[in-house]
1. Take residue A:96 and decide whether it is out of contact with any strand residue (DSSP E or B) (no Cβ under 9 Å at 6 or more places or on another chain) and at the interface with another protein chain (Cβ under 7 Å from one of its Cβ atoms).
2. Residue by residue through segment A:343-376, note down the ones that are over 20 Å from residue A:128 (Cα atoms) and touching a strand residue (DSSP E or B) at 6+ places or on another chain (Cβ under 7 Å).
3. Go through segment B:77-96 and report how many residues are buried (at least 20 other Cβ atoms within 10 Å of the Cβ) and under 22 Å from the mean Cα position of the chain (by Cα).
4. Taking interchain pairs and intrachain pairs at least six residues apart, which have beta carbon atoms under 6 angstrom, with the first residue in segment A:260-274 and more than 7 Å from chain B (Cβ to nearest Cβ) and the second part of a loop (DSSP other than H, G, I, E, B) and surrounded by fewer than 19 Cβ atoms within 10 Å (Cβ to Cβ)?
5. It is to be established whether one or more residues within segment B:286-295 are modelled with pLDDT of 95 or more, within 12 Å of chain A (Cβ to nearest Cβ), under 25 Å from residue B:493 (Cα atoms) and over 20 Å from the mean Cα position of the chain (by Cα).
6. For segment B:254-282, how many residues meet the condition of being over 20 Å from residue A:219 (Cβ atoms), in contact with a strand residue (DSSP E or B) (Cβ under 7 Å, 6 or more places away or on another chain) and not in a loop (DSSP other than H, G, I, E, B)?
7. Would you mind telling me which numbered condition in (1) surrounded by fewer than 24 Cβ atoms within 10 Å (Cβ to Cβ); (2) touching a residue at least 40 places away in the same chain (Cβ under 8 Å); (3) assigned to a helix (DSSP H, G or I) residue A:234 fails?
8. Kindly provide the set of residues from segment B:184-217 that are assigned to a loop (DSSP other than H, G, I, E, B) and under 32 Å from the mean Cα position of the chain (by Cα), ordered by number.
């Protein structure tokens, strides 16, 4: 139904089918046509960058996307309900939010099988960077390189492709955080964090042994096979209350978001520190917040010195993204870096949700102006692949096969991330997000004044579009949003979290603000 | 260099470049041409199946692949060494086995940048099912569906694609083991196992609580947030000595292969039972082997009844694949199923390496003729995606979001697995592997007689091409293999493990046998 993505030859075009009942107006610019429907060599392609940057403040960053939401049925509508019932026979659908028609989704807009088209500011839990059916990604997906990466999947640690250095350098490593020039590739946020933890344990024990040259003892090798110390180390990873770092056994032991994530699963006896609970608006609670952050840092230091399973690393999100969009100040993070260095503890920054542009910088921790870079930074979601960056060669374990697995990532996904990075650069999307975020935040402040209590604890100022607020009827707010044509997610107990894509513009912010006003009026 | 994979329009053809120095003879049959270079609808495509089956015993299952290995330089050669040095600046290359030119690899043959072409019976650690640059997979990779799966990656638990039920039913679930009709999709073998463990813990605790309707207590919810019992359960997963189940924190706690996999990483206090150490040839050690298996089963039962952290599940590989290709009899596995049922313990069969045809059945546990199916079966590697199958609705946790993560697999990889399944069916590759495995095993028995001690403990009879033997100079054997044009892997302390693809035929077995004879003569 409606318009369909069809391929004409090797080019993809958006075509309105004859039967299309939806009045979605689509437009195409020269830039978009060049990006979507050609196999121009990369340099020619680049020539569009300058003009695109000049255009981006006013014109569309995603020509051809719908001009606004279209709500035709309740959601889920009849077609979705039938398909969900069929799916439930073989797949747990209780967490299903919206059955999606990805072929019909475009740019900032997500579609469902009943012809509903919503402005999507949840974006697959913050995982879509440059829009549904982005023409540049379609082009990358059709490349010989991508087909090769998909069908000839390597065991990357044993048999890397001849051009793997180039793929890394022109992609993943091109955006490496300052001071970190190495990468270990993984599959998803959880294993990105867990492999970083493993690196931390191996680093710390090596340090304790006296260096990379010191061999393991017989006792270590024997006891490791029985899951006992000293071979299995009695060390820990410290995390923060209400933090989220994944759901596998090691990462879940550091996740402290909600009981439902943790119940019944065995966990390591690892420590947690209090994340400072800031009060908003920040400028009205300067002293209280400073005291809260000071207390949190003191607690961190106390745990490092006293916890019975000593931490070798801390892991922290720049903004606690699942736990309710909890922020702390750059001073707090600089203090944390100081404490970790003082006690020879590694600092792992979990940028799985905050990374890749959404905060108006490529990495959220760039907001902190750290005097020393973190030891490791983990990434996933908008990167469409995962892993951890590190800068210190000591974080390469002393022997091969200690940090290893069959796939060690996915070259197809690494190639897609490279195309995403190119698109972000071509359209200057990090700066776009910073600017649009400021615009959106200003409009939200207006709504917060107009509707007291409905947009409580508005937060994320100066952090791009990574914005959240609390609403007393949050779950109703999120459910109602779909009726008004917007797909929004929540986090923590009462937060509405905004996670637009990087192609979100002022015109989308205007629609979002308009619809959110209607939502709160309806509650 | 040499021949290159080029696309003409939307079709992929293998072309010999004018400068090609390698004398690789390529041939094409009507079947292959139809498979590689057309967008015929699926039904037309199917018509080739019958004739392909008739042909498969004599003609090539991969028309166009090289006729034999070509060794032009030492490995790594000069081009490889230069590229490896560059790669090592940003990526740990100490576990690198061979830098690979995937564009030049074809069917059973793996190529490197120096023009060497080896018969590959390691196949990316048993992960390539139907050959490098398989034309049917190239076709699938070019489809609109695949492009959509790649560029519009869903959070599958929240926003599944409208046709996800169909993708599962026509792919992953079409090959579900008997008695198991549900799937939880994951990313790699480790998280496939860990999500299965999580399902086991939740199932057991629900059972202990009295059913799905019994709510969690305040104490459970509070203690879970502190990684303490009763919220974090004090239960375990039992595994077997020398077993391998992955390298993340939960899976690594069940992995018992080698110290290097486990050293310094904290582990759960979970029990291990002895895997029976069979003596070969099996028909000369019937009584001893039966006694070893009986003792192992007794130990399992003893641990279930007495271990201080009670197991809620056991996990076992049909053949211990990393730990040295250790086999046990169908009677042993039937006995294990009986013990687990008697004590209300779940049985998880880890088919990450044994699954998808390599043992001459689609799932290795089909060799056992179990009276009751396993509770869960995990898969990855040749499936190019991962997850666990289960049959019992009770293994769906009582509430949503308990077994959940952002991606929950990868639709692009699920679509690729569907194309792999189609190719396996089209060419009858499981039966091919059973037949070729018997042929290869017979030839290896001949070598074992001719070279006493060189092909010791030959094992895997009747298990397709999943064959191994011990060699006293194993590591030299593997290194020498490349000089003779063969890429082979090892497992355990002294095993040479054969892991050919499913398109491995008698002609390849003949080459392999010839080269292995030369290898042992050279040692």
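1. yes
2. A:345, A:346, A:347, A:348, A:349, A:365, A:374, A:375, A:376
3. 1
4. These pairs meet every condition: A:271/A:307; A:272/A:241; A:274/A:241.
5. no
6. 2
7. If we test residue A:234 against (1) surrounded by fewer than 24 Cβ atoms within 10 Å (Cβ to Cβ); (2) touching a residue at least 40 places away in the same chain (Cβ under 8 Å); (3) assigned to a helix (DSSP H, G or I), just (3) comes out false.
8. Listed by number, the residues that qualify are B:187, B:188.
The values are calculated or read from the model by the stated rules, or taken from the named source; none is laboratory data. What you see is a predicted model; the values in this text were computed from it and never measured. Note that each Cβ is placed from the backbone with ideal geometry, even for glycine, and that neighbours are counted across all protein chains shown.
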